[in-house]
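Only one structure is covered here, and it is reproduced in the block below.
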Amino acid sequence: DAGVIQSPRHEVTEMGQEVTLRCKPISGHNSLFWYRQTMMRGLELLIYFNNNVPIDDSGMPEDRFSAKMPNASFSTLKIQPSEPRDSAVYFCASNSRGLAGVGLRTDTQYFGPGTRLTVL
Amino acid sequence: SQQGEEDPQALSIQEGENATMNCSYKTSINNLQWYRQNSGRGLVHLILIRSNEREKHSGRLRVTLDTSKKSSSLLITASRAADTASYFCATADTGRRALTFGSGTRLQVQP
């Protein structure tokens, strides 16, 4: 399994530009999570999807951020317009609310390598 | 906001020593997980302990959970230089699928 795939790995853009981050979850996983990591705020959940439906977007900073999951194998996080304070590493993670072993459910999340975003 | 608070924030030890990291949380949880992050990389799941468990082992890892104190500890025994990384606790709150991560402990193992 290739694991969670994110692209691009690095993005440098200028303030005001639109930025689109992409994620391909692990095949068969039905939940997808977007996180942002900064030195000041640590790792924060932005939004998560279950079966392609957004469940909790309370972590999305403001209207400049939007996320979509048009199908089970693809999700995007868009920032428009971008600002310097959006500079961070953005992680995508996925998991499956399936069974792991007899009678057990798994909540383990599998993370992608992240996209390092720099907004100048 | 970060529910989990970890201490210490940074820990430096010699190879072969044990490393202990602590995590406190605030709400009712289904489980607590520990993740590792190498510099510039994504997080990797290490171990999960459920709310009805008190201790769990996996290789050189030992995790304890005290729900009455809302705290957990991660012990890495016989540390190696390759254990150098940041370690995060994450809680799966009751009724919520997403994880809430702590602030992390940066572990440096000197060879």
Original post:
What residue, among those in the range B:15-43 that are more than 10 Å from the chain's Cα centre (by Cα) and under 16 Å from B:ARG60 (Cα atoms), is surrounded by the most Cβ atoms within 10 Å (Cβ to Cβ)?
Top reply: B:ALA19
Original post:
When you scan the range B:27-55, how many residues do you find that are among the aromatic types (Phe, Trp, Tyr) and at pLDDT below 95?
Top reply: 0
Original post:
Taking strands (runs of 3 or more DSSP E) that do not extend beyond the range B:25-111, which have at least 3 residues that are facing chain A (nearest Cβ under 10 Å)?
Top reply: B:29-37, B:43-50, B:85-93, B:99-101
**OP:** Give the number of residues within the range A:56-72 that are touching a Ser or Thr at 6+ places or on another chain (Cβ under 7 Å) and surrounded by fewer than 16 Cβ atoms within 10 Å (Cβ to Cβ).
**Re:** 1
Original post:
Is there any pair with a first residue in the range A:81-109 that is exposed (fewer than 11 other Cβ atoms within 10 Å of the Cβ) and a second that is at pLDDT 95 or above whose Cβ atoms are under 9 Å apart and which are 6 or more apart or on different chains, and what are they?
Top reply: A:PRO84/A:MET15; A:PRO84/A:THR118; A:PRO84/A:VAL119; A:PRO84/A:LEU120
**OP:** Test A:MET60 against the criterion of being farther than 26 Å from A:ALA2 by Cβ, over 14 Å from the mean Cα position of the chain (by Cα) and hydrophobic (A, V, I, L, M, F, W, C), and give yes or no.
**Re:** no
Subject >> Failed item in (1) at pLDDT below 95; (2) closer than 22 Å to B:THR91 by Cβ, with A:ALA72 passing the rest >> reply: (2)
Original post:
Inside the range A:1-36, can you point out the residues that are modelled with pLDDT of 95 or more, in a strand (DSSP E or B), within 14 Å of another protein chain (Cβ to nearest Cβ) and more than 10 Å from the chain's Cα centre (by Cα)?
Top reply: A:ILE5, A:SER7, A:HIS10
Original post:
Which number in (1) surrounded by fewer than 16 Cβ atoms within 10 Å (Cβ to Cβ); (2) among the basic types (Lys, Arg); (3) without any contact (Cβ under 8 Å) to a residue 12 or more places away in the chain marks the one condition that B:ARG54 misses?
Top reply: (3)
Original post:
Of all residues in the range A:37-49, how many are within 11 Å of chain B (Cβ to nearest Cβ) and either β-branched (Val, Ile, Thr) or surrounded by fewer than 16 Cβ atoms within 10 Å (Cβ to Cβ) (or both)?
Top reply: 4
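The values are calculated or read from the model by the stated rules, or taken from the named source; none is laboratory data. Every value quoted in this text rests on a predicted model; they were computed, and no experiment measured them. Positions of Cβ are generated from backbone atoms using ideal geometry, with glycine treated the same way; all protein chains shown enter the neighbour counts.
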